[in-house]
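In what follows, a structure is listed as C-alpha cells, so that the remarks can point back to it.
Each value in this text was obtained by applying a stated rule to the coordinates, not by laboratory testing. Note that the structure is predicted; figures quoted are calculated from it, not measured. Every residue, glycine as well, gets a Cβ built from its backbone with ideal geometry; the counts of neighbours run over all protein chains shown.
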Amino acid sequence: MNKLLYQFFTNDHRRIELLLDKATENINDIQMESYHLFRTGLLKHIKMEEKILFPAAQKANRGVPLPLAAKLRLDHGALTALMVVPPSEGVIKVIRHVLEKHDILEEQPGGMYEVCEKLTEDETQSLLTQLELVTEVPVHPHNEAVYALQSAKNALLRAGFNFDELIK
C-alpha cells in the first residue's frame, strides 16, 4: 500500500496546525487573518473527509459504516461548532485538545486513515482528484451570542469533551 491518502490527510493536519500556531503565537492578540485561514482550512478538511473519504470507504465496506466514523463525526460537529464562536484563550485550548485526540484516531496504526486507505486502494487516484477539487466552506462572521458558545459546549459533550473542564 502506498499510503497516498494517509499522506494527503496527515499533511493537511500539519498545515492546519501550523495555521493555528501562527494565529495564536500571542494568545492575547490572535491574528485574525491567520485564524480565518485556519478556520476555513479546518472546515474544508472536515468536508473532504465527510463528503469523499468516509463515504468511499463505507461504500467499499459493502455499505457498512466504519466503526470509528460515528465518533469522528461527533468530533467534526464539535469542531465545526467551535468555528462559529470568536476565538479566545479557552476556545483555542479546547480546539487544540479536540484536534489532538481526533487526529490520533485518524493517524494511528489501524486508525481511520489506514482503514480507509486499505478499503479504497483501487480508487486512490480518483479520490485524490476529487479531494483536490474540494472548495472552501463559506463562513459567516463569528457569532458572539451566548447561545453560540452553549451550542458548541453541547456539541462537545456529545463528542465526549467537557468545555468547562478542559479550560481549567
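Before rounding to the nearest 500, sum -39500 (n - 2.57) across all DSSP H runs of length at least 4 in the chain and divide by the residue total; then give [θ] at 222 nm in deg cm²/dmol.
Calculated at 222 nm, the ellipticity per residue is -20500 deg cm²/dmol.
Quick check: from the Cα gyration tensor, does region 110-153 come out rounded (a/c under 1.5), prolate or oblate?
It is oblate, given that a/c is not under 1.5 and a/b is not larger than b/c.
Sort region 4-166 into rounded, prolate or oblate with this rule: let a ≥ b ≥ c be the square roots of the eigenvalues of the Cα gyration tensor; rounded if a/c is under 1.5, and if a/c is not under 1.5, prolate when a/b is larger than b/c, oblate otherwise.
prolate
Treating only the Cβ of Lys, Arg, Asp and Glu as charged (+1, +1, -1, -1), what charge dipole size does the chain show about its Cα centre? Round to the nearest 20 debye.
Result for the chain is approximately 440 debye, rounded to the nearest 20.
How far is helix 4-23 tilted off the main Cα axis of the chain, in degrees rounded to 10, range 0 to 90?
10 degrees
What percent does the relative contact order of region 4-166 come to when contacts are Cα pairs within less than 8 Å and at least six residues apart?
Over region 4-166, the number comes to 33 percent.
I want to verify a result. In a Gaussian network model of the chain, Cα cutoff 10 Å, which of these has the top mean-square fluctuation: 155, 56, 70?
Residue with maximal mean-square fluctuation among 155, 56, 70: 70.
Which of the three applies to region 128-168, rounded, prolate or oblate, going by the alpha-carbon gyration tensor with a ≥ b ≥ c and a/c under 1.5 meaning rounded?
Judged from the Cα gyration tensor, region 128-168 comes out oblate (a/c at least 1.5, b/c at or above a/b).
Taking the beta-carbon count within 10 Å as an exposure proxy, list 75, 122 from fewest neighbours to most.
In order of increasing Cβ crowding within 10 Å: 122, 75.
Just to be sure I understand the model, the point goes 7 Å from the Cα along the line to the Cβ. What's the resulting residue 18 to residue 154 distance in nm?
3.8 nm
Just give me a number: lysine pairs in region 49-168, eight or more positions apart or cross-chain, with C-alpha atoms less than 23 Å apart.
17
Principal axes first, then extents: for the Cα atoms of region 90-168, list largest minus smallest coordinate on each axis, whole Å, largest first.
47, 30, 18
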